[in-house]
Amino acid sequence: MIPQYGQYSVRPGPEAFLPPAAASMGVVLPDPGQAHINGRIVPEEEAFEEAARMFLGGTVPTIFPGPLVLWAWNEKARKKAKAIKHLFDTLKECAPTGAKPMLIPMPDYRPKYPKINPEVEINPNHPNLTIWHNKIDVCMFVGVHCHQANLSLKIIRGGTNCYTIAMCAQAGHEDACLSFRDASVEKIMHLAEWVKKLKGAVTFGAIKKHVAVLESKDRAGGTRN
Amino acid sequence: MSLDYVKFSPGFDKFMPKEYRDMVEHGPFGKKVTVSQMGSFKEILEEHPMCAGCAMTLFIRLAMISFPNPEDTITVGTAGCGRLAISQAAIPFVYGNYGDQSAVASGLSRGLRLRFGDKPKDVVVMAGDGGMADIGFSMTLHSWFRKERFTTIMLDNEVYGNTGGQESGMTNKGQVLKMAPLGKKFEKMDMVGMAKLAGCAYVATVVPNNPRRVESVIKKAVLVAREIGPTYIQAYTSCNIEYSIPTDKVMEDAKNVENDRYQFSEHLTEEAKHYLATRYGFKEYLPKPATATALPQA
Ligand SMILES: Cc1ncc(C[n+]2csc(CCOP(=O)(O)OP(=O)(O)O)c2C)c(N)n1
Ligand code: SF4
């Protein structure tokens, strides 16, 4: 069924070779203090819980830090990097047995030839390669410039079944399955707290069930939210 | 843009691919490297998808090594073969629409001056002869007339290489190409003459088979563009595919072309000479002492 404008749910794919830009399907960005889950605007706290659940429910939950935090441009970048590292360590500590949390950098946006090494890096021009190679089922973008994040998120939704989270320092990303806005050190640390809080409450691989529920709602033909 | 952007945020070192760790540890950033040290440091351009033996790639590689401050350099390019390699380098690259590279570079260089004041940030345009002398001709020339302070480098392979062999304004008269079967009807454009006429402070022609010379002209052009005015380098970078040059004969061809119609030439304004001599110690541009007059016989 082709979703109508305003009924579009931003969820893991594989959706199509060229999935529509979520914005063109009526998904709007959250206001300060809010976030979106599958395109539905929610209070930010709800998104923290959902993101933590997704992370803990993934078999290969992965953080993709981008150039804005990987390189020590300024004090803010360094502090954010520290917080991201803390989130990753928390995830490793709290993820259910069997899960394999990863941190894979996106060091720059070069359209690299002849190829990237998907084991150790992700590139915005073909992020699906890294996701396929490592069987990543949930990921978070942080520190990636918006235009490159949008490109990647759409490619991921088009060609993979990975659940995407955007920890965006600007106004958020419609094309992520879940997006925060105004990302800060505090917000990244808060997400780590949520991960800690939900330790043991999410079963290994629960994300699959979650995605199946979203899909069955689709098949039922109602609004995709 | 500073040396900090070539340092990792603490804690991420071990996650970075080896290539990037090598770049930080052994790259040219913040050091003065030269072409004679090639092989002893990590270059900012290594892998690329251009044709085997392409002289343009060698030239681009040498040019990148020669940038005086790679950590403070932005390249601007456009459609054409060169961008395939330039975009792979570990320095920022801005890709304009076909032909608009000099307009993009004008805005960029002005913006950087506003943003960073006196701190030099070098803007270097590198584009093909078609992009520069045909489609982007007006923008190239206008940037020179406006005295925009950035370096323009023409990768002159005398053909539209990327699209399979159409003639460009820089193709020689009479040349037959795959998509110019009747031969070119008019002379190769004199872009060097126009650059001088438009007031470029430094103008040079060069071929890639003399790495030291390539290094010297690139350094001078980039330095002069920082403060004095527009600079232009026209480099013969043969297209071995469209001109059917066997890969092992590419350098031989460059040498022959250099001897024939692409002799090394360098033109500097007096202001540029004075600047290079006083600011950067180029002794060859110091005013020559007046010849001593013969002492009167006792
Ligand atoms: C506006 C526009 N027209 C045409 C093209 C197609 N095009 C891409 S590269 C190219 C020719 C490039 O020739 P040149 O600038 O001489 O560079 P080379 O490939 O020879 O290095 C053309 C015509 C384009 N990309 N954009
Ligand atoms: S087509 Fe010609 S100029 Fe382009 S990469 Fe190949 S050899 Fe070089």
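The values are calculated or read from the model by the stated rules, or taken from the named source; none is laboratory data. Bear in mind that the values here come from a model prediction, so they are computed numbers and not experimental data. Positions of Cβ are backbone-derived with ideal geometry, glycine not excepted, and every protein chain shown enters the neighbour counts. Surface areas here come from the heavy atoms of the whole protein model, side chains and all, with no ligands, DNA or RNA. Shrake-Rupley method; radii C 1.70, N 1.55, O 1.52, S 1.80 Å.
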**Fill in**
With +1 on the Cβ of every Lys and Arg and -1 on the Cβ of every Asp and Glu, the dipole magnitude of the range A:36-199 about its Cα centre, in debye rounded to the nearest 20, is 380
**Prompt:** Taking A:Lys209 as the anchor, which aspartates and glutamates have their alpha carbon closer than 16 Å to its alpha carbon, excluding any fewer than eight residues away along the same chain?
**Reply:** A:Glu50, A:Asp137, A:Asp218
**Item:** Sequence ranges B:139-149, B:60-70, ranked by mean other-Cβ count within 10 angstrom, highest first
**Value:** B:60-70, B:139-149
**Message:** Defining a contact as two alpha carbons under 8 Å apart and six or more residues distant in sequence, what relative contact order in percent does the range B:9-154 show?
**Reply:** 20
**Item:** Test item: Cα-centred dipole of chain B, Lys/Arg +1 and Asp/Glu -1 on Cβ, debye
**Value:** 700
**Complete:** Net charge (Lys, Arg +1; Asp, Glu -1) of residues whose beta-carbon lies under 10 Å from that of A:Val211, A:Val211 excluded, is +1
**Asked** Which of the lysines could be linked to B:Lys14 by a straight reach, that is with a Cα gap under 22 Å, when you skip same-chain ones fewer than 8 residues away?
**Response** A:Lys76, A:Lys79, A:Lys80, A:Lys82, A:Lys85, A:Lys92, A:Lys100, A:Lys112, A:Lys115, A:Lys135, B:Lys42
**Message:** Report the A-B buried area as the accessible area lost on both sides summed, probe 1.4 Å, in Å² to the nearest 100.
**Reply:** 2100
**Cleavage-rule hits (trypsin sites (Lys or Arg not before Pro)) in the range A:53-103: DSSP loop, at most 12 neighbouring Cβ within 10 angstrom** = none
**Request:** Compute the whole-percent fraction of alpha carbon pairs in the range A:1-119 spaced more than 20 Å apart.
**Result:** 62
**Asked** How big is the protein assembly as shown on each of its three principal axes, counting only the C-alpha atoms and giving the largest first in Å?
**Response** 106, 63, 41
**Fill in**
One checks the Cα atoms of the range A:36-199 and finds Rg and Dmax, in Å, of 14.3, 44
**Request:** Please average, across the residues of A:102-108, the number of beta carbons from any other chain that are within 10 Å of each residue's own beta carbon, and give a whole number.
**Result:** 4
**Prompt:** Counting only protein heavy atoms and using a 1.4 Å probe, what share of the accessible area of the range A:36-199 belongs to carbon plus sulfur, as a whole percent?
**Reply:** 55
**Asked** Average projected area of the Cα convex hull of chain B, in nm²?
**Response** 20.0
**Message:** I'd like to compare A:107-113, B:184-190: which one has the highest average count of other Cβ atoms within 10 Å, and what's the full order after that?
**Reply:** A:107-113, B:184-190
**Message:** Rolling a 1.4 Å sphere over the protein heavy atoms, what is the accessible area per residue of the protein assembly as shown, to the nearest Å²?
**Reply:** 44
**Message:** Given Cβ point charges of +1 (Lys, Arg) and -1 (Asp, Glu) and nothing else, what value in debye, to the nearest 20, does the dipole of the protein assembly as shown about its Cα centre take?
**Reply:** 660
**Message:** What is the distance in Å between the Cα centroid of the range B:1-27 and that of the range A:168-188?
**Reply:** 25
**Complete:** the range A:120-225, Kirkwood Rh and Cα Rg, ratio Rg/Rh at 0.98
**Counted charge near A:Pro67, where neighbours are those whose Cβ lies closer than 13 Å (Asp, Glu -1; Lys, Arg +1)** = 0
**Fill in**
Mean separation of Cα contacts under 8 Å (at least 6 apart) over the residue count of the range A:36-199, i.e. the relative contact order in percent, is 32
